[in-house]
Structures are given as C-alpha cells and as structure tokens.
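Undergrad: Have a look at the structure that comes next, please.
No value in this document is a laboratory result; all are computed from the given coordinates. What you see is a predicted model; the values in this text were computed from it and never measured. Ideal geometry is used to build each Cβ from the backbone, glycine not excepted, and the neighbour counts take in all protein chains shown.
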Amino acid sequence: MKKILVVLAHPDIENNSVANKVIVDRLGAQKNLEIRDLARLYPDFRINVEREQQALLEADTVVFQFPFYWYSVPGILKHWLDEVFTYGFAYGSTGTKLQGKRLIVSTTIGGPESSYQSGEYNSYSVEELLKPLQQTANLAGMTFVPPVLSHSMVYIPDVYNVKEEVEERAQDHFDRLSTAIGQRTELSCRSGSL
Ligand SMILES: Cc1cc2nc3c(=O)[nH]c(=O)nc-3n(C[C@H](O)[C@H](O)[C@H](O)COP(=O)(O)O)c2cc1C
C-alpha cells in the first residue's frame, strides 16, 4: 500500500482552528496515512531531523497542510524545511532521497480568491506566491502536484465569515485533497458517506 505523509503546520489545531481542524479530522480516519503535527511534536522548535527524514523516506506522497500565513507557510514549516531538507538528503549529487515522491501543498487562505490577482489588494495569485515551494520540490526531484487551495477560510466571529460556511468549504477542500491524493473512494468509505 502506498503511504501518505501529512506534515501539519498549524500552531494549535485542537483549540484554535476551524478550517484545518475539519480537514485534519477527516484525514485522520485514513489508513496508510501518517499525520505529523509539528506544533505538538516540536513546541520548542527542536526538530528531530532523523525522525522526520525517516518519515519522508517511508512516504510516496507528502502533503504540506497549513493555514496560509503572511503569503507563505507558518514559521514552523519553514524551519522544518530548513532542518530536514539537507544537503545529501534532498539536494546535491547524493541528495536523491526524495526523488519521485509527490508533493501536495494543501493550504487554507483567509482572503477571497478575487483579491489574489494583479490590481487587487493581495496583488498576486496564490500559485505565484507558492513558487518557492514549487522550486523546492523541483530541486529535490519531487513531483509538484497542483496545490489544493481554499479561499475565505478565516473565521473571526462577527467579523469574517460564518463558521458553518467555513466548515463546508473545509469539507469541500478535504474532498479535493482526497482526489489529489488519489484515495477518494477509500476515504469516503471509511467516513461512511458511500
Ligand atoms: C499570523 C496569520 C497570518 C495570516 N496571513 C494571511 C495571509 O497572508 N493571507 C490570507 O489570505 N490569510 C492570512 N491569514 C488567515 C489564515 O490563512 C486563516 O485564518 C486560516 O487559513 C484559517 O485556518 P484555521 O481555521 O485552521 O486556523 C493569516 C492568519 C494568521 C493568524
């Protein structure tokens, strides 16, 4: 069976998340899938590099699951990349360990889709802003799968969005992520919706 590694970068998925909580709860029902919650594993940011590299070696699909923060990944995922994607592992003449694995970027974005274009207040598309991750995958010889993106995912009571609508969009995000992973049927069966 193919193994999926979900690298989860959310500062507090249990107590301070609406969108990622829905997605991660559904992912958690899946076999052959490991979720590594970086904030829970490494509250002090001291990454166990060997353990993380081992998890990558065992996977053939890697999912980066995170809320979009300041047009990029949360700090702990950037730190994880800095520590784990080392010379001789991810790049360099002998750094071939990630070659052929698929990378799926799966991110929830606060702003509406219409704001992510030239002339609007976020100026660039999310795909453009994700280029550093795409090039990281390229350098490591990974296949960069088209990212799974959802907009208008911020929930602040009485300010931004309706909680139930964000949860619905998160469910739809999970469905699209499942398709990207390529295990939609199995995931649906296990969650009882088939
Ligand atoms: C520190 C921080 C930075 C954020 N930066 C952005 C941003 O650059 N663009 C954007 O559209 N939303 C941004 N947001 C909104 C988050 O993307 C949104 O709240 C998140 O995806 C919701 O997921 P959650 O309910 O799982 O936390 C930011 C939120 C925080 C807390």
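Undergrad: Compute the Cα gyration tensor for region 1-77, then decide on rounded, prolate or oblate, letting a ≥ b ≥ c be the square roots of its eigenvalues: rounded whenever a/c is under 1.5, prolate when a/b is larger than b/c in the other cases, and oblate in all that remain.
TA: In terms of gyration-tensor shape, oblate.
Undergrad: Here is a follow-up. Convert each backbone phi in region 63-75 into a coupling constant with the Karplus relation 6.51 cos²θ - 1.76 cosθ + 1.60 (shift: θ = phi - 60°), then list the ³J(HN,Hα) values in order as whole Hz, x for Gly and Pro.
TA: Along region 63-75, the couplings run 10, 9, 10, 6, x, 5, 10, 6, 6, 7, 8, x, x Hz.
Undergrad: Taking the Cα centroid of region 76-110 and of region 54-74, what is the distance between the two, rounded to the nearest whole Å?
TA: If you average the Cα positions of each part, the centres end up 8 Å apart.
Undergrad: If I take every Cα pair under 8 Å that is 6 or more residues apart in the chain, average their sequence separation and divide by the length, what percent do I get for the relative contact order?
TA: 24 percent
Undergrad: Take the Cα pairs of region 132-173, get the Kirkwood Rh, then feed it into Stokes-Einstein at 20 °C and 1.002 mPa s and tell me D in µm²/s.
TA: Once the numbers are plugged in, D ends up at 172 µm²/s.
Undergrad: I'm a student and want to see the number: the projected area of the Cα convex hull of region 88-185, averaged over all directions, in nm².
TA: 8.0 nm²
Undergrad: Enumerate the calculated ³J(HN,Hα) couplings along region 89-106 in order (Karplus 6.51 cos²θ - 1.76 cosθ + 1.60, θ = phi - 60°), each rounded to whole Hz, writing x wherever the residue is Gly or Pro.
TA: Result, rounded to whole Hz: 10, 9, 8, x, 4, 9, x, 10, 5, 9, 4, x, 6, 9, 10, 10, 8, 10.
Undergrad: Only bridges with both residues in the chain count here: give the DSSP antiparallel percent, nearest 5.
TA: Once the DSSP bridges in the chain are tallied, antiparallel ones form about 10 percent.
Undergrad: Follow-up question, since we're still on this one. With charges only on Cβ, +1 for K and R and -1 for D and E, what is the dipole size of the chain about its Cα centre, in debye, rounded to 20?
TA: For this selection, approximately 700 debye.
Undergrad: Let me ask something else about it. Shape of region 4-190 from its Cα gyration tensor (a ≥ b ≥ c, root eigenvalues): rounded if a/c is under 1.5, otherwise prolate when a/b > b/c, or oblate?
TA: The shape class here is prolate.
Undergrad: Next question, about the same structure. Starting from the Cα-Cα distance between Lys78 and Gln99, subtract it from 0.36 nm times their residue separation and give me the gain in nm to one decimal.
TA: Stretched out fully, the Lys78 to Gln99 stretch lengthens by 5.6 nm.
Undergrad: Also, quick follow-up: Would you count, across region 1-131, every pair of lysines whose alpha carbons are under 15 angstrom apart, provided the pair is eight or more residues apart or spans two chains?
TA: So the count of such lysine pairs works out to 5.
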